[in-house]
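Report on the following structure.
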Amino acid sequence: MRRFILIALPYLWLLLFFLIPFVIVFKISLSDLALAIPPYTPTLSWPITWEALKEFFAALDFENFTFLTTDDLYWKAYLSSLQIAVISTIITLLVGYPIAYGMAQARDEWRPTLMMLVILPFWTSFLIRVYSWMGILSQEGFLNQFLMWTGVISEPLQILNTPVAVYIGIVYTYLPFMILPIYSALEKLDGSLLEAAEDLGCSRFKAFWLVTFPLSRAGMVAGSFLVFIPALGEFVIPSLLGGSETLMIGKVLYEEFFNNRDWPVASAVAVILLLILILPIILFERNEQKQREADQ
Amino acid sequence: MRRFSWFNATSLTLGFAFLYIPMIILVVYSFNASKLVTVWAGFSTKWYGELLSNDQMLDAAWVTLQVAVISSTIATVLGTMAAYVLVRAGRFRGRTLFGGMIYAPLVMPDVILGLSLFLLMKPMFSQMGVHSIVLAHATFAMCYVSVVVSSRLVSFDRSLEEAALDLGCTPFEMFRLVTLPIIAPAVISGWLLAFTLSLDDLVIASFTTGPGATTLPMKIWSAVRLGVSPEINALSTILISIVTVGVITASLITKRAAIRQMAEERAAERA
């Protein structure tokens, strides 16, 4: 009995607040916009009769989804989100790997401190960290001041409100998510494997490439998913740093909901975003599952 | 065999410079006397004064604190239960779905979580407000808590629990007397994580809020959309300092607990 309650309580909570909401989003994505409260039709009200149910299901259609395909805005937003997410994941991997590698090679007594230095930004407000780049990247910002002072450029560059600023923002805010899994993979690495490789005549670089790199693959995969998936639906970063010309689907959804108050279209956008994300999420969970089994 | 080369030193220095310089600039310029954020005009604490006399900001801070404390407490209870179920309950019907529901919110974009929770709760409550933000935050934060706690549950010695049961404990007593003290550091850091996630959240709170429930991130958001402001720099500095002190304290506590536990285990072995 106790076991049942223990399982049932978190289970029902997640069903109610996580799974059922998705069913509702799906249902509303098939509804039509209406000038009423709530602002969509059809709605079900008590008592639910068989007739009412039939009418209800008959009124659902895929109109919102056809609308999404006819308007360029949505296509472009999905594609540009994908592009931004892929490129920034690759950059984060390239930036994060050497840091994780350096941490794993550092002396034992330094490692807790280095670890804390990576975790600290992760605990600091996301919004504030994105905001901190506004003052750096703007026309009269610190980066332009610095570049002009060193004489690299004579005119300030336009960086804020371009996709470049979005890339910088994503790499900056998601970097800890990349470093930590790679670091934990590298930390577990058995040093004697590298010694063996070198004894067998590998150069240091070759030993790295043939031993360390493949063994840190699981960490790289986990880190890449942890960056790619949330970056695809990112809203705060493109809104603050990307300006009006950077299209991202998270921003489109937000504006559809808050500015146009079109719940059905916002829901349809969410459903498609979810469909794009399902495969990476499943792959990510598989990877995590494999890791957990390997650890146990 | 660990080798620390110039390459490693350079990548660590550059990496940490990249992570910290933006925040350091923010903190330094919160003490700038000028309204222009990028031009230094001498040291001043006037923005802190203005911040503390801004009643709207203080109200928002109070709302945020209430939401964070309540939601992270609910999240910790539910998340610890969920972790225990995941690691200890063995197989049961629907376990895969359960695991999926724990891990999916960790990577789900905020806009989707926010929209779906809004659509669920809008008909549930006559008015949305602090309570609906609390429910929303508790839901996604419990998943983080359960990940943190389950990693501790996986790594600890099950024979301690079995011993407690052999010595006549009921399962609940076993949990209270053996399991909970051992996983306590993870439960505490889970609570802290849930607390900061709630403190931080803009998107989900914007979807699930109602009249009179403006949180600090929502205030910050409407201010920074207009550009950089020294008052927000001051607020950021305060928040960064709180987090820094919190994280350092938490890591010291966990470190001390780990050392004590190691000493106790060693003493037990000797006895």
I'd like the orientation of helix B:230-270 relative to chain B: the angle between its Cα long axis and the longest Cα principal axis, in ° from 0 to 90, rounded to 10.
20 degrees
Taking Cα atoms only, helix A:2-14 is inclined relative to the longest principal axis of chain A by an angle, in degrees rounded to 10, of 80 degrees
Restraint check, A:LYS76/B:LYS219; A:LYS188/A:LYS290; B:LYS46/B:LYS219; A:LYS76/B:LYS122; A:LYS27/A:LYS54, Cα-Cα greater than 23 Å
A:LYS76/B:LYS219; A:LYS76/B:LYS122
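May I ask you to compute the full-extension gain from B:ASP55 to B:GLU265, defined as 0.36 nm times their residue separation minus their alpha-carbon distance, rounded to one decimal in nm?
The B:ASP55-B:GLU265 span can extend by a further 70.4 nm.
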Please turn the phi angles of the stretch A:280-285 into ³J(HN,Hα) values with the Karplus equation 6.51 cos²θ - 1.76 cosθ + 1.60 (θ = phi - 60°), one per residue in order, whole Hz, x for glycine and proline.
x, 5, 5, 4, 4, 5
What distance in nm lies between label points placed 7 Å from Cα along the C-beta direction at A:PHE62 and B:LYS255?
5.9 nm
Give the span of the stretch B:1-110's Cα atoms along each principal axis, as three whole-Å numbers ordered largest to smallest.
66, 53, 23
Using just the helices of chain B, give the 222 nm mean residue ellipticity in deg cm²/dmol: DSSP H runs with n ≥ 4 each add -39,500 (n - 2.57), and the total is spread over all residues, rounded to 500.
-26000 deg cm²/dmol
Would you compute the Debye intensity of the stretch B:52-216 from its alpha-carbon atoms alone, equal scatterers and no solvent, and pass along log10 I(q)/I(0) at q = 0.09, 0.17 Å⁻¹ to two decimals?
-0.36, -0.99
If I take every Cα pair under 8 Å that is 6 or more residues apart in chain A, average their sequence separation and divide by the length, what percent do I get for the relative contact order?
26 percent
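What FRET efficiency comes out for the pair B:LEU36/A:LEU283, r = Cβ-Cβ distance, R0 = 45 Å, nearest 0.05?
With a Förster radius of 45 Å, E is 0.40.
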With everything on Cα atoms, drop me the angle between helix B:130-155 and the longest principal axis of chain B, reported from 0 to 90° to the nearest 10.
50 degrees
How large is the Kirkwood hydrodynamic radius of the stretch A:151-240, in angstrom, based on all distinct alpha carbon pairs?
15.9 Å
Can you work out the FRET efficiency for the pair A:ARG3 and A:GLN83, with r the C-beta to C-beta distance and R0 = 60 Å, to the nearest 0.05?
0.80
Given contacts defined as C-alpha pairs under 8 Å and at least six residues apart, what's the relative contact order of the stretch B:52-216, whole-number percent?
45 percent
Diffing the stretch B:193-207: the Karplus 3J(HN,Hα) column from phi (6.51, -1.76, 1.60, θ = phi - 60°), in whole Hz with x for Gly and Pro, holds 4, 4, 4, 5, 4, 5, 4, 8, 6, 9, 5, 5, 5, 5, 6
With 5 Å bins from zero, work out the P(r) of the stretch A:96-171 over every alpha carbon pair and list the percent per bin.
3, 14, 16, 16, 14, 14, 13, 7, 2, 0
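What does the charge count near A:VAL221 come to, summing +1 for each Lys or Arg and -1 for each Asp or Glu among other residues with Cβ under 11 Å from its Cβ?
On the way: positive: A:ARG217, A:ARG286, A:LYS290; negative: A:GLU288.
Once all neighbours under 11 Å are counted, the net charge is +2.
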With only alpha-carbon atoms in the gyration tensor, what are the semi-axes of the equivalent ellipsoid for the protein assembly as shown, in Å, largest first?
37, 34, 25
Using 0.36 nm times the number of residues separating A:GLU245 and A:PHE208, minus their current alpha carbon distance, what extension gain do you get?
9.1 nm
When the Cα centres of the stretch A:230-296 and the stretch B:83-109 are compared, how far apart do they sit, in Å?
21 Å
For the stretch A:71-295, take every pair of Cα atoms, bin their distances at 5 Å starting from 0, and report each bin as a whole percent.
1, 6, 12, 14, 15, 15, 12, 10, 7, 4, 2, 1, 0, 0
Per-selection Kirkwood Rh - the stretch A:1-84 (Cα, Å, 1 d.p.):
16.1 Å
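Any read-out appearing in this document is the output of simple, stated calculations on the displayed coordinates, not a laboratory observation. From a predicted model like this one, the values you see are computed outputs, not experimental measurements. As a convention, Cβ positions derive from the backbone with ideal geometry for all residues, glycine included, and neighbour counts pool all protein chains shown.
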